[in-house]
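Only one structure is covered here, and it is reproduced in the block below.
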Amino acid sequence: MTKIIIHGGFFSESSTNLETKIAKQNALLHIVKDSYQYLQSHSALEAVVYAVSLLEDDALFNAGIGSQIQSDGKIRMSAALMDGVSMKMSGVINIEEVKNPIQVASILMKEDDRIIGGEGATNYARKHGFDVFSTEIPQRRAEYEAKLEAIGTGTVGCVAIDAEGRIAVATSTGGKGFEIPGRISDSATVAGNYANEFCGVSLTGVGEDIVSGAIAAKIVTRVTDGMTLEQAFDKTFQELKPFDGFAGAIAIDNKGNMFHQDSHPSMVYASFDGENEEVFQ
Ligand code: ASP
């Protein structure tokens, strides 16, 4: 029963052309199928790191290469990983000039101190062989210079269940763009990335709204307590309405059900179970 679902943040109908939409559909389908193949001979934990690394390497998405630029002109990225079996979460917050923040999060799994931020995270990465790598692309610099908030570039994420029924989740982001340096994204918190033996959830959207809604942890808790994925998503997304929370989420439960929902159109996602593929339209 191996299954995998990924997201690549949001896109805005008004500012995205058809060509970019098709490119994102193709990229997501390619990455979800490649990662599904990888999952056949690897654990869910290894597969989510693999999938998110591919998403970070694709400049179409706002994580790793193609990350948004903060208000002081620098890129700071965040990424986290959670193993639903051991219940361990590891992550980096505001790391700089590393090609794959999710791989730094992955090696932190073996440490006692598993979530580290800022200069400490960047230094840790250097010490563990991650070379200085600029993830800036000319398009983001041009958007930054023009003070153009690139709405809809989003975060990336993946949830997988492996042949042994183990669930894992990984999430990686370049942030919202134009942040105050030091701002903390939801992606390396239990609001944006959470899993246990029942369910795994990864988020994209406005980090402040995702934290206010404690979304990933709430959905996982609700499924653990007996709700279906659909019920848990419905209740949790209802709770965003009073403050018009902006979020999108993907999930897999331990029965192999996959689910996704967004508060505002349109989150970009794709899933694959070996037979059926689904991609956002
Ligand atoms: N959630 C991310 C953040 O606020 C951004 C996004 O998903 O687009 O840092």
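The values are calculated or read from the model by the stated rules, or taken from the named source; none is laboratory data. A quick note: this is a predicted structure, and the numbers were derived from the prediction, not measured. Because the Cβ atoms are built from the backbone with ideal geometry, glycine has one as well, and the counts that use them run over all protein chains shown. In case anyone asks, the SASA skips ligands and DNA or RNA and just uses the protein heavy atoms, side chains included. Shrake-Rupley method; radii C 1.70, N 1.55, O 1.52, S 1.80 Å.
Checking every residue in segment 262-280 against the condition of being away from the ligand (no atom under 16 Å from the Cβ), of a type in the set (D, E) and without any contact (Cβ under 8 Å) to a residue 24 or more places away in the chain gives at least one match.
Away from the ligand (no atom under 14 Å from the Cβ) and within 20 Å of E179 (Cβ to Cβ): which single residue out of V98, V49 fits that description? Steps first, please.
On the way: V49 fails: within 20 Å of E179 (Cβ to Cβ).
Among V98, V49, only V98 is away from the ligand (no atom under 14 Å from the Cβ) and within 20 Å of E179 (Cβ to Cβ).
Since I137 meets every condition but one in (1) within 30 Å of G165 (Cα to Cα); (2) at pLDDT below 95, which condition does it not meet? Result: I137 passes all but (1). In summary, strands (runs of 3 or more DSSP E) completely within segment 219-281 and bearing 3 or more residues that are out of contact with any Lys or Arg (no Cβ under 9 Å at 6 or more places or on another chain) and either within 21 Å of G8 (Cβ to Cβ) or open to solvent by 10 Å² or more (accessible area, probe 1.4 Å) (or both) occur at 247-253, 258-262. Answer with yes or no whether I107 is in contact with a His (Cβ under 8 Å, 6 or more places away or on another chain) and over 19 Å from G207 (Cβ atoms). Criteria met by I107.
Entry remark, segment 178-216: residues being more than 11 Å from the chain's Cα centre (by Cα), closer than 24 Å to K255 by Cα and hydrophobic (A, V, I, L, M, F, W, C) number 8 in total.
Just one of the numbered conditions (1) closer than 21 Å to G175 by Cα; (2) touching a strand residue (DSSP E or B) at 6+ places or on another chain (Cβ under 8 Å); (3) not aliphatic (A, V, I, L, M) is not true of D83: (1).
Could you please give the count of residues in segment 80-99 that are open to solvent by 10 Å² or more (accessible area, probe 1.4 Å) and in a loop (DSSP other than H, G, I, E, B)? Give the derivation first.
Taking segment 80-99 and keeping what is open to solvent by 10 Å² or more (accessible area, probe 1.4 Å), we get 83, 85-89, 93-94, 96-97, 99.
Next, from what is left, pick out any that are in a loop (DSSP other than H, G, I, E, B): 85-87, 96-97, 99.
Of the residues in segment 80-99, 6 are open to solvent by 10 Å² or more (accessible area, probe 1.4 Å) and in a loop (DSSP other than H, G, I, E, B).
For segment 50-79, the tally of residues that are in contact with a Ser or Thr (Cβ under 6 Å, 6 or more places away or on another chain), over 14 Å from G174 (Cβ atoms) and open to solvent by less than 20 Å² (accessible area, probe 1.4 Å) stands at 1.
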